[in-house]
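The structure appears right after this line, and notes come after that.
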Amino acid sequence: MGNYPFEFYVAALLVLIAILIAALIVGFVWLKKKRPPEVSKPTSKEREKLVTLEEALKNTRSSFFGKIKNIFENPEVSSNQLEEIEEVLYTSDLGPKTVQRFLGVLGSENKISLEAIKATFKNEMQEIFQSVNPHLNYLDGGKPPTPQIWMIVGVNGAGKTTTIGKLAHRLSSAGLKVMVAAGDTFRAAAKDQLQVWAERSGVEYFSPPGVDSPSAVAFDAVKVAMQKGMDVLLVDTAGRLHTQSHLMEELKKVKRVMSNQNASAPHEVLIVLDANSGQNALMQARQFHEALGLTGVILTKLDGTAKGGVAIGVVNELKVPIKLIGVGEKMEDLRPFESEKFINSII
Ligand SMILES: Nc1nc2c(ncn2[C@@H]2O[C@H](COP(=O)(O)OP(=O)(O)O)[C@@H](O)[C@H]2O)c(=O)[nH]1
Ligand SMILES: [Mg+2]
């Protein structure tokens with residue numbers, strides 16, 4: 001030991017320290033590499049994928065096809081399956097007319113396989129949805145020759161104002177110039193709610209101060225939308241008046257004054273229906289259709305409801321297409337209706 005000069009020990013110590021520091025650095029870098037990358041916030045497109053239609057329609061599936069499946073899994077009912085199926089159908093949200101159509105194609109054979117039922121019902125649903133066209137023009141962009149005027153109707157609480165907000169967002173994201181008009185003049189809160197949505201989606205908001213007649217608002221809105229070169233005007237409307245017939249008369253007037261201003265308007269009369277209201281939704285649709293001639297249905301709150309089957313009844317009975325569906329309260333939770341996906345999610 002004593003043979004080496006003092007400097008030798010100092011140098012050896014320094015080398016050792018250097019090796020230690022280098023090892024620490026290598027270790028640190030290696031550990032950092034191994035750590036999983038930070039989870040980035042999903043973009044709106046990715047979030048859209050998160051709420052799948054299948055998830056949204058889980059309850060509808062179990063309340064309809066789930067019950068039919070149970071019949072086959074219960075050995076006690078093997079002798080009167082058809083009766084049991086009939087009962088499930090009549091307690092579903094299809095509506096009696098559609099149930100009869102389904103039973104008609106099943107025939108009177110008491111012994112039928114679950115697979116055969118599934119195939120028969122699927123086929124029937126496909127036929128029902130294929131009898132109408134669910135396409136909504138300009139939903140994904142394009143330049144309309146004149147402003148497209150879409151009137152949004154439906155009972156209070158169905159989701160009209162929220163849907164207009166989501167729709168405005170979708171259309172303006174597709175590059176269209178959008179204006180929303182506060183035609184529900186009977187409730188101050190309705191105007192404010194629409195304004196919030198307009199700001200959120202960055203579109204024009206139209207609500208002339210002091211004008212409290214819905215048809216006057218609609219008339220002016222069409223004029224201003226044409227002057228400003230808007231691509232789409234979405235007109236919100238009231239969902240309740242003193243009586244239902246007052247409401248229908250008011251809405252008919254709104255529709256009339258729009259066509260006085262622009263002969264081809266309104267280009268769409270869309271009813272917003274809350275899927276949770278089941279058979280009531282079908283009744284509402286019928287009433288509004290008789291008064292206004294609907295061009296399409298927007299079925300909201302499909303997320304979580306067990307009554308999504310009403311979609312089939314509405315289309316079968318009224319021959320009005322479901323054009324859009326609402327699957328949540330957020331801006332991105334509005335989708336075009338795709339019948340194949342819908343059918344595969346419920347049966
Ligand atoms: N879960 C869910 N809630 C919705 C959907 N669409 C609307 N809502 C909610 O339904 C409620 C009533 O909506 P609103 O737009 O005010 O209905 P309006 O009276 O027809 O204008 C609000 O709380 C909305 O957030 C949907 O697709 N899913
Ligand atoms: Mg509203």
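Efficiency by 1/(1 + (r/R0)^6): what FRET value for Gln227 and Asp192, r their Cβ-Cβ distance, R0 = 30 Å, to the nearest 0.05?
0.75
How much FRET efficiency would the formula 1/(1 + (r/R0)^6) give for Lys143 and Val105, where r is the Cβ-Cβ distance and R0 is 51 Å, rounded to 0.05?
The computed FRET efficiency comes out at 0.70.
Under the rule a/c < 1.5 gives rounded, and otherwise a/b versus b/c splits prolate from oblate, where does the chain land using the Cα gyration tensor?
oblate
Net charge near Ser63: determine it from the other residues with C-beta under 11 Å of the C-beta of Ser63, scoring Lys and Arg +1 and Asp and Glu -1.
With Lys, Arg at +1 and Asp, Glu at -1, the neighbours total +3.
For Glu338 and Leu114, calculate 0.36 nm times their separation in residues minus their Cα-Cα distance, and state this gained length in nm to one decimal.
Gain on extension, Glu338 to Leu114, equals 78.2 nm.
What spacing in nm lies between the two simple spin-label points modelled at Arg200 and Leu14, each 7 Å away from Cα in the Cβ direction?
6.7
When the helices in the chain are scored as -39500 (n - 2.57) per DSSP H run of 4 or longer and the sum is shared across all residues, what 222 nm value do you end up with, to the nearest 500 deg cm²/dmol?
Helices in the chain give a 222 nm mean residue ellipticity of -17000 deg cm²/dmol.
Under 5 Å between amide H atoms, partner at least 5 residues away or on a different chain: which partners does Thr300 have, H built in plane at 1.01 Å?
Distant-sequence amide H within range of Thr300: Leu273, Asp274, Ala275, Gly326.
Modelled label-to-label distance, Ser131 and Ile21, 7 Å Cα→beta-carbon offset: nm?
Spacing of the two 7 Å Cα→Cβ label points: 8.3 nm.
What are the residues whose amide H is under 5 Å from the amide H of Leu94, where those residues sit 5 or more places off or on another chain and H is modelled from the backbone?
none
What shape does region 125-274 take by its C-alpha gyration tensor, where a ≥ b ≥ c are the square roots of the eigenvalues and a/c under 1.5 counts as rounded, a/b above b/c as prolate, and the rest as oblate?
rounded
Gaussian network model of the chain, Cα springs within a sub-10 Å range: biggest mean-square fluctuation belongs to which of Phe28, Phe64, Phe121?
Phe28
Please list 3J(HN,Hα) in residue order for region 66-73, calculated via the Karplus relation 6.51 cos²θ - 1.76 cosθ + 1.60 where θ = phi - 60°; whole Hz, with x for glycine and proline.
x, 5, 5, 4, 4, 4, 6, 8
Tell me the angle of helix 279-292 to the major Cα principal axis of the chain, expressed in degrees between 0 and 90 and rounded to the nearest ten.
60
Shape verdict for region 103-203, please, from the Cα gyration tensor: rounded (a/c under 1.5), prolate (a/b greater than b/c) or oblate.
prolate
Each value in this text was obtained by applying a stated rule to the coordinates, not by laboratory testing. All values reported here derive from a predicted model rather than from experimental measurement. Neighbour counts are summed over all protein chains in view; Cβ atoms, including those assigned to glycine, are modelled from backbone coordinates with ideal geometry.
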